[in-house]
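Enquirer: Okay, handing you the structure first.
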Amino acid sequence: MTDQPVWRPTASRENLKSRAQQLAYVRGFFAEREVLEVETPVLGRHGVTDVNLEGVAASIDAAGVSGGWLQTSPEYHMKRLLAAGSGSIFQVARVFRNGERGGRHNPEFSMLEWYRVGFDDTELMAEVADLVCGWLGCDRPQVLNYRDAVRTIAGFDPMTISAHDLYQVCQQWLEPEQLAGMSRDDCLDLVMSFKVEPELGQARPVFVTHYPASQAALARITTKHGYPVAHRFELYIKGLELCNGYWELTEPSEQRQRFDQDNRRRRSVGKPEMTVDQAFLSALDAGLPACSGVALGLDRLLMLKTGAARIEEVLAFPIERA
């Protein structure tokens, strides 16, 4: 007798109802602020170069386009809208990241992404706090810079620690052969994941800011206490990373350099290079308005609201039952 597929949803009706209420809350929040809701492609012609993200390739053949990618984020398309004069915009998107499955991850998930024209990262953090704390009914976040977070919780200065000492720290989680070839940022990410993140936001929500410039992704860079840092923030509640935001990079030449750096890094770790999205770069050439943007995991926000321990408790059908 063969095993029959499980057809029932993993989320309770109460959690499905809470999801519907959350979506209504989000749309009402932005309607009050006159932020335009938009939709962009789930299936795009390009993936992302970020070495830490793996997209889901699609097999298509239409309108002269062969192949494509399910989007890991609506960012590039939304920035094209911004460059075309859309003004501040938001989107509730279905996004895809290959190989991600666990208590807090599903390969397909719901993301709220929004961009505020004329905002810097500090102003956007205040709006993130308005949205999240308004929905959860929790205290407003405190602000902790990345350097202080690592020093306080992990016990070393991430800006000054030597590569040798950093590898020594990481050997509590990985064997030396597993650490071979890992970059400094890979090791710092390991420390964040295993040591720092579980302690963040336990008493009250916390924004972590001013990540090392090498972890800027698409954020602007500045100097703080003699070290280059990114205008990037993440929000943590009860050890759960909820969002990732930037004061957005608008300089086309710098963006091209970062794409090139990403692909060099991909080659160095044996991953295939990704074709750069030239339409996105053309939008930057035309002029991206000064803005800040943030991507927030709606499933994780719902986990916090309902007290769910695992993401499947708030999903109708996780990948195993899709």
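Enquirer: Starting from the Cα gyration tensor of segment 263-322, take the square roots of the eigenvalues, sort them a ≥ b ≥ c, and report rounded, prolate or oblate (rounded when a/c is under 1.5, otherwise prolate if a/b is larger than b/c, else oblate).
Expert: Oblate is the answer for segment 263-322, as a/c is 1.5 or above yet b/c matches or exceeds a/b.
Enquirer: Once the other residues with Cβ under 13 Å from the Cβ of Trp7 are scored (Lys, Arg +1; Asp, Glu -1), what is the net sum?
Expert: Working: positive: Arg8, Arg321; negative: Asp3, Glu320.
In short, 0.
Enquirer: Which of the three applies to segment 41-122, rounded, prolate or oblate, going by the alpha-carbon gyration tensor with a ≥ b ≥ c and a/c under 1.5 meaning rounded?
Expert: Values: a/c = 2.28, a/b = 1.25, b/c = 1.83.
Cα axes put segment 41-122 in the oblate bin.
Enquirer: Here's something else I'd like to know. Quick one: Cα convex hull volume of segment 162-278, Å³ per residue?
Expert: Residue-normalised Cα hull volume stands at 134 Å³.
Enquirer: Also, quick follow-up: Taking R0 as 22 Å, what's the FRET efficiency between Asp260 and Gln215 from their Cβ-Cβ distance, rounded to 0.05?
Expert: 0.80
Enquirer: Per the helix-only calculation at 222 nm, which mean residue ellipticity applies to the chain, given -39500 (n - 2.57) for every DSSP H run of n ≥ 4 and division by its residues, nearest 500 deg cm²/dmol?
Expert: -10500 deg cm²/dmol
Enquirer: Looking at the chain as a GNM with Cα springs under 10 Å, which of Arg104, Arg33, Arg232 has the largest mean-square fluctuation?
Expert: The residue that fluctuates most here is Arg33.
Enquirer: Once you place label points 7 Å from the Cα toward the Cβ at Glu100 and Thr222, how far apart are they in nm?
Expert: 2.8
Enquirer: Filter the DSSP H helices in the chain by two things, a Kyte-Doolittle mean of at least 0.0 and an axial alpha-carbon span of 18 angstrom or more, and list the hits by number. Display every interim value, and only then the final one.
Expert: Details: long enough: 13-32 (29 Å, -0.73); 121-136 (22 Å, 0.74); 252-268 (24 Å, -3.05).
Going by DSSP H runs, the hits are 121-136.
Enquirer: Take the alpha-carbon positions of segment 1-90, form their convex hull, and give its projected area averaged over all directions (one quarter of the hull surface) in nm².
Expert: Average of the hull's projected areas for segment 1-90 equals 10.6 nm².
Enquirer: Out of all DSSP beta bridges in the chain, what portion is antiparallel? Express it as a percent rounded to 5.
Expert: Antiparallel: roughly 90 percent of the beta bridges in the chain.
Enquirer: Evaluate the distance, in nm, between pseudo-label points positioned 7 Å from the Cα of Val269 and of Asp189 along their respective Cα→Cβ axes.
Expert: A separation of 0.4 nm, rounded to one decimal place.
Enquirer: Points 7 angstrom from Cα along the Cβ direction at Ala290 and Glu34: gap in nanometres?
Expert: My value for the distance between the label points is 2.0 nm.
Enquirer: Here is a further query. What number in nm² do you get for the chain if you take the convex hull of its Cα atoms and divide its surface by four?
Expert: Values: hull surface 76.8 nm².
One quarter of the hull surface, i.e. the mean projection, equals 19.2 nm².
Enquirer: Next question. What's the exposure ranking of Asp299, Asp260, going from fewest to most Cβ atoms within 10 Å?
Expert: In increasing order of surrounding Cβ atoms, one gets Asp260, Asp299.
Enquirer: Please list, by residue number, every one of the chymotrypsin sites (Phe, Trp or Tyr not before Pro) in segment 1-74 that is coil in DSSP and has at most 10 other beta-carbon atoms within 10 Å.
Expert: Trp7
Enquirer: For Val56, list long-range residues whose amide hydrogen, built 1.01 Å from N in the peptide plane, is under 5 Å from its own amide hydrogen.
Expert: The answer is Leu70, Asn98.
Computed from the coordinates by the stated procedures, all read-outs in this text should not be read as laboratory data. Just so we're clear, the structure is a prediction, and the values are computed from it rather than from any experiment. Heads up, the Cβs are rebuilt from the backbone with ideal geometry, glycines too, and the neighbour counts pull from every protein chain shown.
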